[in-house]
Amino acid sequence: MAEPAAKPRTPIESGVPDPFQYMHPTTIRNFGQWKYHERPQPGVLKHVAESGEALYTVRAGTQRQMDLATVRKLCDIADEFAEGHFRFTIRSNIEYLVADEAKVQPLIDKLRAEGFPVGGTGPSVAMISHTQGWLHCDIPGTDASGVVKALMDELHDEFVREDMPNRVHITTSCCQINCGGQGDIAINIQHTKPPKINHDLVANVCERPSVVARCPVAAIRPALVNGKPSLEVDEQKCICCGACYPPCPPMEINDPEHSKLAIWIGGNHSNARGAPTFHKLVCSGLPNNPPRWPEVAEVVKKILHVYREDARDYERVGEWVERIGWPRFFELTNLPFTKFHIENWRGSRQTLNASAHVRF
Ligand code: SF4
Ligand code: SF4
């Protein structure tokens, strides 16, 4: 008897799930067939398809890290007003998709009544994108969620109105690795002292060659301390970047007094109208002062105020500063310009470990 033909091996699908099963029926019917969109009011987008169908998107800010009761509340709102459909944006906004225009205003009223501000569209201050912080990451020097919550409370009016010259993206990063990326305004941790090494733990916890390789300025050397293998830091070379702390927690760099916050501006990931840009330091040494970080909020509001008054329509923060010049920026904002704003380290081209290779 002939052997049965072997069954062909089929791939195991383990990637992202099929998105169509989660989409609003109006989106599926008109997929790829959208004609135009407009913003009838702050926080609301109206997409019109070639077929004539319209779909409204109502955007509201959330606190990002939510308890179950809040998630249930948001789901109930979706069932009541949006045929059960919502999605989250990368900036932690919730977007409800509504086919029936008559339900748009009642949905907005309901969201406001429940404490979720509707806005974040067009030339507004969008919701701050924040990094993982204490909840998911092991190296934060501050609480990213807390900074975001405290600042968005202060910037509520800028979120719900569209009265900025252009969109303002604010980011935070709770360590100097800056996984929050580039922002029009960025609030980042800034370490100001080299790491303190707990020599009793290094041999048990750290893979020393990896830690040595991790330092961008080659400031770490293997050393024998009290007869135990450990590491030492050349403090003259150390730029206090904190890169050695993740692979070697006994190299503690977070410090309640010496870990500060710095504000950078003019970063942009997009290459829509010009090349992407890195943000640049404008204010350093602000106290890491929970739970409301008032010193940081004051500087951010000052920058936003001057930007709103002085920038031309459609200019992003970086474009505005490039036009008026950095001296004028410091003049207008009254922020002190110090020696720490100047990148004068000539060795960087030769010694800065700027390779994109992943090292283990
Ligand atoms: S900014 Fe740093 S500490 Fe914060 S989540 Fe990203 S890598 Fe972790
Ligand atoms: S903080 Fe940065 S520069 Fe200083 S020793 Fe660690 S990795 Fe090197």
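The values are calculated or read from the model by the stated rules, or taken from the named source; none is laboratory data. The structure presented is a predicted model; accordingly, all values stated were derived computationally and were not measured. Cβ coordinates were reconstructed from backbone atoms using ideal geometry, including for glycine residues, and neighbour counts include every protein chain displayed.
Of the strands (runs of 3 or more DSSP E) contained entirely in the range 159-264, those carrying at least 1 residues that are more than 12 Å from ligand 2 (Cβ to nearest atom) and over 19 Å from the mean Cα position of the chain (by Cα) fall at 220-225, 228-233. Listed by first and then second residue, the pairs linking a residue in the range 84-97 that is within 16 Å of Phe20 (Cα to Cα) to a residue that is part of a loop (DSSP other than H, G, I, E, B) and among the β-branched types (Val, Ile, Thr), with Cβ atoms under 7 Å apart and 6 or more places separating them unless they lie on different chains, form an empty list. Being of a type in the set (Val, Ile, Thr) and surrounded by fewer than 20 Cβ atoms within 10 Å (Cβ to Cβ) is the filter here; which residues of the range 164-211 pass it? Matches in the range 164-211: Ile177, Thr192, Val205. If you filter the range 101-131 down to residues that are exposed (fewer than 15 other Cβ atoms within 10 Å of the Cβ) and farther than 29 Å from Asp143 by Cβ, you find that the one that is farthest from the chain's Cα centre (by Cα) is Ala102. Restricting attention to the range 10-51, the residues that are in a strand (DSSP E or B), in contact (Cβ under 8 Å) with a residue 60 or more places away in the chain and among the β-branched types (Val, Ile, Thr) total 1.
Among the residues here, Cys179 does not qualify as within 16 Å of ligand 1 (Cβ to nearest atom), in contact with a Pro (Cβ under 6 Å, 6 or more places away or on another chain) and not assigned by TED's automatic domain parsing to the domain that holds Ala223. Looking at the range 123-145, can you tell me whether even one residue there is among the acidic types (Asp, Glu), more than 16 Å from ligand 1 (Cβ to nearest atom), over 24 Å from Asp76 (Cβ atoms) and assigned by TED's automatic domain parsing to the domain that holds Arg316? The answer is no, given that none of the residues of the range 123-145 is among the acidic types (Asp, Glu), more than 16 Å from ligand 1 (Cβ to nearest atom), over 24 Å from Asp76 (Cβ atoms) and assigned by TED's automatic domain parsing to the domain that holds Arg316.
Could you check, for the range 27-38, whether at least one of its residues is surrounded by 15 or more Cβ atoms within 10 Å (Cβ to Cβ) and more than 31 Å from the chain's Cα centre (by Cα)?
Scanning the range 27-38 turns up at least one residue that is surrounded by 15 or more Cβ atoms within 10 Å (Cβ to Cβ) and more than 31 Å from the chain's Cα centre (by Cα).
Applying a threshold of 6 Å to beta carbon distances and a minimum spacing of six or more residues, or different chains, the list of pairs starting in the range 279-299 at a residue that is within 16 Å of Ile185 (Cα to Cα) and among the hydroxyl-bearing types (Ser, Thr, Tyr) and ending at one that is at pLDDT below 95 and part of a helix (DSSP H, G or I) reads Ser284/Phe340.
Taking first residues from the range 229-254 that are among the charged types (D, E, K, R) and partners that are within 16 Å of ligand 1 (Cβ to nearest atom), the Cβ contacts under 9 Å between residues at least 6 apart in sequence or on separate chains come to Glu252/Pro195; Glu252/Tyr245.
In the range 211-230 there is no residue matching the filter, namely being in the same structural domain as Asn289 (by TED's automatic domain parsing), in contact with a helix residue (DSSP H, G or I) (Cβ under 6 Å, 6 or more places away or on another chain) and over 25 Å from Trp134 (Cβ atoms).
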